[in-house]
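What follows is a set of notes on a single structure, which appears directly below.
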Amino acid sequence: MVVIGGGQAGLAAGYHLRRAGVDFVVLDSQQAPGGAWPHMWESLRLFSPAAYSSLPGRLMPPQGGRTYPGTEHVVAYLTDYERRYDLRVVRPVHVTGVHRDGGRLRVASDTGTWSARFVISATGTWWRPFLPAVPGSETFTGRQLHTVDHRRPEDFTGEQVVVVGGGNSGAQIAADLAGHADLTWVTRRPPRFLADDIDGRALFDAASARRRALDHGDTDTGGVASLGDIVATPAVREARDAGLLKAQPMFTRLDADGPVWADGTIVRADAVIWCTGFRPALSHLSPLGLRDRNGHIPTDGTRALAEPRLHLLGYGDWTGPASATLIGVGRPARDAAREIARQLS
């Protein structure tokens, strides 16, 4: 079988497939291990301590001097994980399409074709950033960037920067820039910070409890959204307590100089950073024609309802509670591997 994507979800799938005795190959589009993590901004920190940010089978070791590990530590961990379990990752391979081919699925790529009885798609969301349609965007003369484009705050030293987004990436990047740029932070609603003692462990528990409730027909607990939108990581907490994270309401349009609010207020900006989220990177599955009117692929757990030979892993709660996280992807990866092993036997 074929796993598409060699990031955290693909590695978790490989681990459980190996334990289940399934022969597989992982196709990864990147030049080196680590999935999307090598491409994230330098100051990014995990929401949880290392031991609570682990893939199945191996605890992430602590990073010296840090409670919440940084991206370089995560990349080293994923690299070691891939090597330790001798996961068969072929890279760089860019998958161009998955096609039905009789009783099998044909995986086409820029380096060749694979024929598989089952496919796990684990390509994540980082490669498909979402930019909202805002009136006047085409007239703005400054730079328009997305979360994926931010690397280090020094790139904006002395500039006037508008950060748009009230989630974790928006708050973290705003905190990252607060001491370097003239910052304006814009959110659609007032920021909702989680309590300072809540981190990724509690978020995983909340997501799991919501999934259990829904599966049993109980009242929706609200999951992570019921707790807030922003984890108060140390850097965010420091900037917030220093009064540097004062959010402004969403502007109505952009003009040549920057955002314009409904009351006529204009803020000049050298750059606008859109921290507005991502969409699942699923273009390689287009030949299967599985998306519904909302653009999603309906699933039962991880299995695509209209194509039972396909499993989707790591795209968010719709493919398993907290499955887009390091700690959360293990359980749905295990379930997918077990189901595939049963079918193959």
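Couple of notes before you dig in:
- Residue within the range 299-315 that is part of a loop (DSSP other than H, G, I, E, B), acidic (Asp, Glu) and either touching a strand residue (DSSP E or B) at 6+ places or on another chain (Cβ under 9 Å) or surrounded by fewer than 15 Cβ atoms within 10 Å (Cβ to Cβ) (or both) present: no
- For Leu288, the conditions (1) out of contact with any Asp or Glu (no Cβ under 6 Å at 6 or more places or on another chain); (2) farther than 26 Å from Met60 by Cβ all hold with the exception of (1).
- Close pairs (7 angstrom Cβ cut-off, 6 or more residues apart or separate chains): polar (S, T, N, Q) and modelled with pLDDT of 95 or more in the range 243-262, in a loop (DSSP other than H, G, I, E, B) and open to solvent by less than 80 Å² (accessible area, probe 1.4 Å) anywhere: Thr252/Trp261
- Count of the range 138-168 residues, restricted to those that are open to solvent by less than 30 Å² (accessible area, probe 1.4 Å) and of a type in the set (S, T, N, Q), is 1.
- Any hit, the range 267-285, residues being more than 30 Å from Pro135 (Cβ to Cβ) and of a type outside the set (Val, Ile, Thr): yes
- Within the range 32-55, the set of residues being in a loop (DSSP other than H, G, I, E, B), out of contact with any Leu (no Cβ under 9 Å at 6 or more places or on another chain) and not hydrophobic (A, V, I, L, M, F, W, C) comprises Glu42, Ser43, Pro49.
- Any hit, the range 153-168, residues being assigned to a helix (DSSP H, G or I), at pLDDT below 95 and more than 15 Å from Glu42 (Cβ to Cβ): yes
Residues are listed down the side, and each one gets a yes or a no for (1) among the β-branched types (Val, Ile, Thr); (2) under 24 Å from Tyr77 (Cα atoms); (3) at pLDDT 95 or above:
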| position | (1), (2), (3) |
| --- | --- |
| Leu290 | no, no, yes |
| Arg293 | no, no, no |
| Leu305 | no, no, yes |
| Thr325 | yes, yes, no |
| Ala337 | no, yes, yes |
| Ser345 | no, no, no |
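The values are calculated or read from the model by the stated rules, or taken from the named source; none is laboratory data. Predicted, not measured: the structure shown is a model, and the values here were computed from it. Cβ atoms come from the backbone with ideal geometry, glycine included; neighbour counts cover every protein chain shown. Accessible surface areas use protein heavy atoms only, side chains included; no ligands, DNA or RNA. Shrake-Rupley method; radii C 1.70, N 1.55, O 1.52, S 1.80 Å.
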